[in-house]
Structures are given as structure tokens and as C-alpha cells.
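These notes concern the structure reproduced below.
Just so it is clear, none of the values below were taken in a lab; they were calculated from the coordinates. Predicted, not measured: the structure shown is a model, and the values here were computed from it. Using ideal geometry, Cβ is built from the backbone for each residue, glycine included, and neighbour counts are taken over all protein chains shown.
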Number of protein chains: 2
Amino acid sequence: MKYSKQRELILNYVLNHNDHPTADTIYTSLKKDNPKLSLGTVYRNLIKLTESNEIKKVSLPGEVDKFDKNLSPHAHLKCNICGCLIDINSLEIDNFIKSISKEQDIKIDNFNIIFDGVCKNCKNN
Amino acid sequence: MKYSKQRELILNYVLNHNDHPTADTIYTSLKKDNPKLSLGTVYRNLIKLTESNEIKKVSLPGEVDKFDKNLSPHAHLKCNICGCLIDINSLEIDNFIKSISKEQDIKIDNFNIIFDGVCKNCKNN
DNA sequence: ATTCTTGCAAAGAGTTTGCATAATA
DNA sequence: TATTATGCAAACTCTTTGCAAGAAT
């Protein structure tokens, strides 16, 4: 993979944002200082960065794909109140994967877990 | 909601298939005996049937939406070998939801859990 | 010099929608 | 008769792709 300034900008954008940006968010934001940047380039680089495991893709049903700097296996919670999407890191996930694999006699290589509900902040305010 | 023959056909199709059909699969199949059926009608009815909780929608990342007659909360396993998509019904899921809600201090109303891996059949053959 | 990447625009897949007509209640 | 649903086609959103020009090795 050859170096490109565009790819560096895109990667840095994702690494510096905790809010799971979309391709279009990244494009619109970076275009301000890089008027020649094209949306195709953003898509192509997000795919490459995902394939090289520098970032992760997060797919929510009925929503545009989002990108995540958090590489560890984790779940997501979509809050119905504030609309935020937050990472859920927990040992419970690993326990769950292990016990369900054993119980169901299946092999789990990867998972996609999304909760709909209310985040900690909204729940306690 | 007014009765329609098209909606009945679409609902029955989903109820009689265990393989999580897509809108297009349903359309193509029903069109054989109902040449005037339109894809728009299929989409509109699948939305209505989902809203009235007669069927469920299953969204897999990067794949077309699928529809499911299994109304109980459950997970899915996508087998990397045979390509099948199977329902995972287990009490472990409920335990997981409860313990993670407590641990993270969040409220979970709904979930979307998809495993990638190897199904029981492929694993043991 | 060769290979990879870009910008641009067009095409693609899947889904939704506007509208006149038809069916249901 | 009033409301809801249909068929058809066009529109829409998100994403991918072909190609000639430009940048990196």
C-alpha cells in the first residue's frame, strides 16, 4: 500500500473522533481544507483502512455505515433518547460468546452486537 | 389496516419459509402465480407486517434486508462455510442482556446480534 | 519506469415514493 | 362513499467503479 496524503487525513480524522463518523461526514469535514478531495477517495480509503485493520466499520440496521477507531471487539449501544452511539467494552461479551458457542456447538469468529435503549447519561438524568 | 390479497400472500410466504427471504426473493417467487404483483407492493407490505409485529426484519452488515417469521428475541449465525443464516434461540442471550445492562448501567430495549462463524452442521462434518 | 492513488462522473444496488386506478369496508 | 392498497415508473440514498491524470516508490 503506497502512501497518500488523503489516506493519512482520513485515518487521522477517524482516530481523532469518538463519534463514529460516516464517509460523508469525513468527506464534508475534510473538504473544507482540501477542496479537491472526492467522496470516492474517502470510500476507497475507508475500505482499505478497514481491510488493513487500522479502523473498523460499524453497520447499524437502516443507517449509513460508520467508522470506529476502537479496534477491540466490542458492542454498541444506540441511545433512543440522545441518539448517541457508544462503545460497550465488557468481559461479559467474551463470556457470552464462549458460552453460546459451547451450548450451540458452533464456532464464532466474529460478532456484531448492537443494543437499542438508553445510555447511562440519559438513564440517570 | 385493510385486507389485501397481496399482503396475505407475502405474509404466508414468510411464514412458510425458514430461510429468511429477501424482498426480491419473495417478489420473484410470488410473481410466478401473480404476474401483476409489483416490487413496491412487496416492500410496502413487508414494512407494514414488520410494524404490526407479524414478522421481523433481519439486517446483516453489507447484505440485503431479510425477513423472519421467528418473533421471539433471538440472535443469528451466518455460516462462512455453507452460507446459511440460522436462528440462535438461547437463554444465554437473556442472561447476557441482563448482566450487561446492570454492569454498564444502561437500559436495553432491543438488540441485534449476528455471529459470523461456522454452523453446527459444517463444524461436525 | 512502474505501480498505486486520485478526482470526476457515471453507474449500480436496494429501497422508497407520487400518482392515477382498483379494491376494501 | 370514504379509505386504503395497488401497479407502475421515477426518484432517492448510499456506495462502487471506469478512466485518464497525478503522485509515490
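With +1 assigned to the C-beta of every Lys and Arg and -1 to the C-beta of every Asp and Glu, and no other charges, what is the dipole magnitude of chain A about the Cα centre in debye, to the nearest 20?
On the way: 18 positive and 16 negative charges, 107 e Å.
With only Lys, Arg, Asp and Glu charged at Cβ, the dipole is about 520 debye.
Please give the calculated 222 nm ellipticity per residue for chain A, where each DSSP H segment of at least 4 residues contributes -39500 (n - 2.57) and the sum is spread over every residue; nearest 500 deg cm²/dmol? Write down the numbers at each step before the final one.
Numbers: 5 runs with 51 residues, N = 125.
After summing the helix terms and dividing by the residues of chain A, the value is -12000 deg cm²/dmol.
Per residue of B:111-123, count partner chain C-beta atoms within 10 Å of its C-beta, then hand back the mean as an integer. The partial results should precede the final answer.
Details: counts 7, 11, 8, 6, 12, 6, 8, 5, 4, 4, 2, 2, 5.
The mean count of partner-chain Cβ atoms within 10 Å per residue comes to 6.
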**Message:** Give the average over all directions of the projected area of the C-alpha convex hull of region B:78-125, one decimal, in nm².
**Reply:** 4.0 nm²
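At 37 °C and a viscosity of 0.692 mPa s, what translational diffusion coefficient does Stokes-Einstein give for the protein assembly as shown, taking Rh as the Kirkwood radius over Cα pairs? Give it in µm²/s as a whole number.
Values: Rh = 20.4 Å.
Once the numbers are plugged in, D ends up at 161 µm²/s.
For peptide B:53-60, how many partner chain Cβ atoms fall within 10 Å of a residue's Cβ, on average? List each step's numbers first, then the result.
Numbers: counts 0, 0, 0, 0, 2, 1, 7, 3.
Counting other chains' Cβ atoms within 10 Å and averaging over B:53-60 gives 2.
If R₀ is 25 angstrom, what is the calculated FRET efficiency for the pair residue A:38 and residue A:12, using the beta carbon separation as r and rounding to 0.05? Kindly include the intermediate steps, with their values, before the conclusion.
Values: r = 18 Å, r/R0 = 0.72.
Given R0 = 25 Å and the Cβ-Cβ separation, E is 0.90.
Would you tell me the mean number of C-beta atoms belonging to other protein chains that fall within 10 Å of each C-beta in B:84-95, as a whole number?
Details: counts 0, 0, 2, 0, 5, 1, 5, 2, 10, 2, 0, 5.
Mean partner-chain Cβ count within 10 Å for B:84-95: 3.
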**Asked** chymotrypsin sites (Phe, Trp or Tyr not before Pro), restricted to region A:31-104: which are DSSP loop and have at most 12 other Cβ atoms within 10 Å?
**Response** none
**Message:** Taking the Cα centroid of region B:50-125 and of region B:28-42, what is the distance between the two, rounded to the nearest whole Å?
**Reply:** 29 Å
**Request:** Extending each Cα 7 Å along its Cβ direction at residue A:95 and residue B:94, get the distance between those two points in nm, one decimal.
**Result:** 1.8 nm
**Asked** Which Rg and Dmax, in Å, describe the Cα atoms of chain B?
**Response** 16.8, 54
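Which entries in the list A:120/B:69; A:57/B:123; B:31/B:123; A:69/A:107 go over 31 Å, if you measure between the two C-alpha atoms of each?
As for pairs spanning more than 31 Å Cα to Cα, those are A:120/B:69; B:31/B:123.
In percent, what relative contact order does chain A have, based on Cα pairs under 8 Å that are 6 or more apart in sequence?
Values: 143 pairs, mean separation 27.5, N = 125.
The normalised contact order for chain A reaches 22 percent.
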